[in-house]
Amino acid sequence: MTLAVPVNSSSMGQSATGSAARQLEVVAFRVGTQEFCVDIMTVREIRGWTQATRLPHVPDFVNGVINLRGTVLPVIDLAVRFGGTSRSPSARDVIIVTQVDAQLVGLLVDGVSDILSISKASVQPTPDVGSELAEKFVKGLIAVDGRMISLIDLEDVLPRTMRETPQLNRE
């Protein structure tokens, strides 16, 4: 059974004026023991795990592709993309369908934990920890309820060559 939860910030009831312009809505999720988040405006839907078809000669972090209502959707395993190890996805995992430039891409994560509305001023810069991966993928850190959530930059998660590839549509 596939669960698809459309995410649309207009359904959140906020306008882009006044205090809403100083707010940032994010979708928080887990990858292993760490929490990350992305701007809700990049999220198109959240789906239950669907088995992906592997493709030859793709980077290790590309789990494969799935058919999303006639569109071929690449699925990125964020654990591998962030330097972790690959594992077999389970029914508890989810795919966050995001849009990066004109490209739709699925992010394989362990689970979605929250949808948060935070002040843009509360996003702290990424500290210099001597890690190129942290500097490349993490735009900032958000402290929420005793947790540190890394705000990731989707444009760096998806290599430019993949973003420039036209979306395959079978309609």
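Data table
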read-out: Calculated from backbone phi, Karplus (6.51, -1.76, 1.60) coupling profile of segment 87-92 in Hz, x at Gly/Pro; value: 9, 7, x, 10, 5, 7
read-out: Under-5 Å amide H pairs with Gly64, H placed in peptide plane, nonlocal only; value: Val75
read-out: At R0 = 30 Å, FRET efficiency that the Cβ-Cβ distance of Arg87 and Asp128 yields, to 0.05; value: 0.50
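Since every read-out is calculated from the coordinates, none of them should be taken as a lab result. Please read all numbers here as calculations on a predicted model, not as lab measurements. Don't worry about glycine lacking a Cβ; one is built from the backbone with ideal geometry, like all the others, and counts go over all protein chains shown.
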